[in-house]
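S.K.: Sharing a structure below in structure tokens format, with a few things to ask.
The values are calculated or read from the model by the stated rules, or taken from the named source; none is laboratory data. Note that this is a predicted model, so its numbers are computed, not measured. Every residue, glycine as well, gets a Cβ built from its backbone with ideal geometry; the counts of neighbours run over all protein chains shown.
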Amino acid sequence: MSTAAMAGSTGGEVAELENYSPAAHERDPFENWNRKMFAFNEFLDEWLLRPTAVAYRWAVPEVADRGVTNFFANIDDVTTIFDATLQLKGHYVVVSTTRVMFNTTMGLGGFFDVATSFGLERLDEDFGQTLGYWGVPSGPYLMWPVFGPATVRHSVGRVVDAVAIPRWAEDDLTHYAVNYGLKIVDRRADLIPAEGFIVGDKYLVVRNAYLQRRDYLVNDGVVEDPFAADEPVMDDF
């Protein structure tokens, strides 16, 4: 899933991500090891995940593909409720709870995203963001085999969310694995159109895009402009 970080970016934006921040390299002290894991993930993607995702896009009608994406997003909204509560974000809790109610009932178990059509846009919170909200530093950047990019903080957050939130109705490990595998394939299939936007050193692009995205999420979209100091100051007349 290492190439998966580029969803929703334009070609120019992706090119800029290679030099996202002078501090990005300082957050990656294990770069040598991370690059090895990145290469391993790229190998898996080339020979297993991407071909499966291509076949999935060919075989699954668009409405069904969108429905699968909506189904997993509805489950992730439960995670948002949990973590928004821990961050004392009442508005996020109300919106996400209402989304789950609407999509689970009128949206047929989350297959249709009716909540968005009602003006309830999806919010994104996880336990890694919760730790960041309460001042826990992100720690070094890590590239995990199979699971892809993370930081120490986000890695801990993934484990907590997986344990704290019941992801599936089944208690059978096989059913869990099948559902999780479907989620990965669905996400990989959705990213195929964005592949052509990745230019330059793919490892750096993925790393910096991930760090930029996590900074954005942890700070609720309030990020420091690295070029603000270069802007001229206009005196009042």
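S.K.: If you take the residues of segment 49-107 that are more than 20 Å from N179 (Cβ to Cβ) and acidic (D, E), which of them is surrounded by the fewest Cβ atoms within 10 Å (Cβ to Cβ)?
M.R.: Result: E62.
One line per residue, one yes/no per condition, for (1) of a type in the set (A, V, I, L, M); (2) in contact with a strand residue (DSSP E or B) (Cβ under 9 Å, 6 or more places away or on another chain); (3) within 18 Å of V95 (Cα to Cα):
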| residue | (1), (2), (3) |
| --- | --- |
| G119 | no, no, yes |
| D126 | no, no, yes |
| G132 | no, no, no |
| W144 | no, yes, no |
| T151 | no, yes, no |
| V159 | yes, no, no |
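S.K.: Could you tell me how many of the residues in segment 97-134 are aliphatic (A, V, I, L, M), touching a helix residue (DSSP H, G or I) at 6+ places or on another chain (Cβ under 6 Å) and in a helix (DSSP H, G or I)?
M.R.: 4
S.K.: Say we look at segment 1-41 and pick out the residues that are surrounded by fewer than 18 Cβ atoms within 10 Å (Cβ to Cβ) and under 18 Å from the mean Cα position of the chain (by Cα); which of these is modelled with the highest pLDDT?
M.R.: The extreme case among them is E13.
S.K.: Considering only residues that are over 21 Å from the mean Cα position of the chain (by Cα) and of a type in the set (A, V, I, L, M, F, W, C), which ones fall in segment 49-99?
M.R.: Correct list: A55, W58, A59, V60, V63, A64, L88, V94.
S.K.: If I ask for residues that are assigned to a helix (DSSP H, G or I), at pLDDT below 85 and under 29 Å from Q87 (Cβ atoms), which ones from segment 191-232 would you list?
M.R.: Once the filter is applied, which keeps residues that are assigned to a helix (DSSP H, G or I), at pLDDT below 85 and under 29 Å from Q87 (Cβ atoms), segment 191-232 yields only A228.
S.K.: Quick check on segment 139-163: of everything there that is of a type in the set (A, V, I, L, M), at pLDDT below 95 and under 17 Å from T80 (Cα atoms), which residue is surrounded by the fewest Cβ atoms within 10 Å (Cβ to Cβ)?
M.R.: Among residues in segment 139-163 that are of a type in the set (A, V, I, L, M), at pLDDT below 95 and under 17 Å from T80 (Cα atoms), the one surrounded by the fewest Cβ atoms within 10 Å (Cβ to Cβ) is V163.
S.K.: Anything in segment 70-89 that is in a loop (DSSP other than H, G, I, E, B) and touching a residue at least 24 places away in the same chain (Cβ under 8 Å)? List them, or say none.
M.R.: Scanning segment 70-89 gives Q87, K89.
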